[in-house]
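Below: the structure, in structure tokens.
The values are calculated or read from the model by the stated rules, or taken from the named source; none is laboratory data. Small disclaimer: the values here were computed from a predicted structure and weren't measured. Quick reminder, even Gly has a Cβ in these numbers, built from the backbone with ideal geometry, and neighbours come from all protein chains shown.
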Amino acid sequence: MITTEDIPLLIQWLIGCSASIFFMCFIAYIWPYPQIRIYKLKRSFFRAILQVTAINIDNGQSWEELKLDYKRLIKRSSKFKDQYRNISDLLEEFLYHYDTEGAQSLNLMTNIASTNATRAKVVMLIRIARSENPFLGIPNKEANILMMLSQALTDNNIELGKNSLIQLSQEIEKTTTMLETQEKRNITAYIISIVGVILTIVFGIISLKSIFWS
């Protein structure tokens, strides 16, 4: 039987359980938010692609318009910029959606009709992007090393080629280590949060048992 002395313990248990439930709901709410935001920004760019390609302008002008749209979107989300480091990534994903899911899926996503003519123009825009920067999609430091390596091949400069390969291998090693470290940190933080919730619930149950069975 619960006595007046047990009331503080009961209140403590209720507060602990409420905090645990609130924490779990909060995690469930914010966990997918970054991906939802990225999806919305991607949809916005897909709409820009369809709008630009529908206008009767040349590919060069379409390319300039899309570059402005891309700059505007990456300012709104650093995670979006991390996932889509350049316009070519988004143009290629547009083609992937079109080729694998069909025009109807893109129409539902953007509320704008897409056709085979749209696809053909997007292919031309990707070619423009690749001609401007053959190493598009690669981080600047690695791209510069690849440009040096390309120059070494053109000039038949063996020494420059060797140095470029060494630098490239070092950068790849650094990037791999950084990604592995970041992945471990993310997993550790998630495990700690789950363990915290479990321990709170366990101690709450123990407190409740001490109230009812003391």
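For Leu106, work out the one condition from (1) at pLDDT 85 or above; (2) surrounded by 13 or more Cβ atoms within 10 Å (Cβ to Cβ) it doesn't fulfil.
(1)
Within the bounds of segment 121-144, is there any residue that is of a type in the set (S, T, N, Q) and under 17 Å from the mean Cα position of the chain (by Cα)?
Checked segment 121-144: no residue is of a type in the set (S, T, N, Q) and under 17 Å from the mean Cα position of the chain (by Cα).
Among the residues in segment 164-184, are any farther than 25 Å from Asn86 by Cβ, among the aliphatic types (A, V, I, L, M) and at pLDDT below 80?
Looking for residues that are farther than 25 Å from Asn86 by Cβ, among the aliphatic types (A, V, I, L, M) and at pLDDT below 80, one finds none in segment 164-184, hence no.
Quick check: is even one residue across segment 106-121 of a type in the set (A, V, I, L, M, F, W, C) and without any contact (Cβ under 8 Å) to a residue 12 or more places away in the chain? Show your work before the answer.
Start the filter on segment 106-121 by keeping residues that are of a type in the set (A, V, I, L, M, F, W, C), which leaves 106, 108-109, 112-113, 117, 120.
Pick out the ones that are also without any contact (Cβ under 8 Å) to a residue 12 or more places away in the chain and you get 108, 120.
Among the residues of segment 106-121, at least one is of a type in the set (A, V, I, L, M, F, W, C) and without any contact (Cβ under 8 Å) to a residue 12 or more places away in the chain, which makes the answer yes.
Kindly evaluate Arg119 against the criterion of being over 11 Å from Phe46 (Cα atoms) and in a loop (DSSP other than H, G, I, E, B). Please lay out each step first, then the result.
On the way: over 11 Å from Phe46 (Cα atoms): yes; in a loop (DSSP other than H, G, I, E, B): no.
No.
Of all residues in segment 60-72, which are surrounded by 13 or more Cβ atoms within 10 Å (Cβ to Cβ) and touching a helix residue (DSSP H, G or I) at 6+ places or on another chain (Cβ under 8 Å)?
If the condition is that a residue be surrounded by 13 or more Cβ atoms within 10 Å (Cβ to Cβ) and touching a helix residue (DSSP H, G or I) at 6+ places or on another chain (Cβ under 8 Å), then Ser62, Trp63, Glu65, Leu66, Lys67, Asp69, Tyr70 are the ones that fit.
Let me confirm something: among Thr115, Thr110, Thr100, which residue is of a type outside the set (Lys, Arg) and touching a helix residue (DSSP H, G or I) at 6+ places or on another chain (Cβ under 6 Å)?
None of the others qualify; the one that does is Thr110.
Any chance you could count how many residues in segment 144-157 are loosely packed, with under 15 Cβ neighbours inside 10 Å, at pLDDT below 85 and over 15 Å from Asn133 (Cα atoms)?
2
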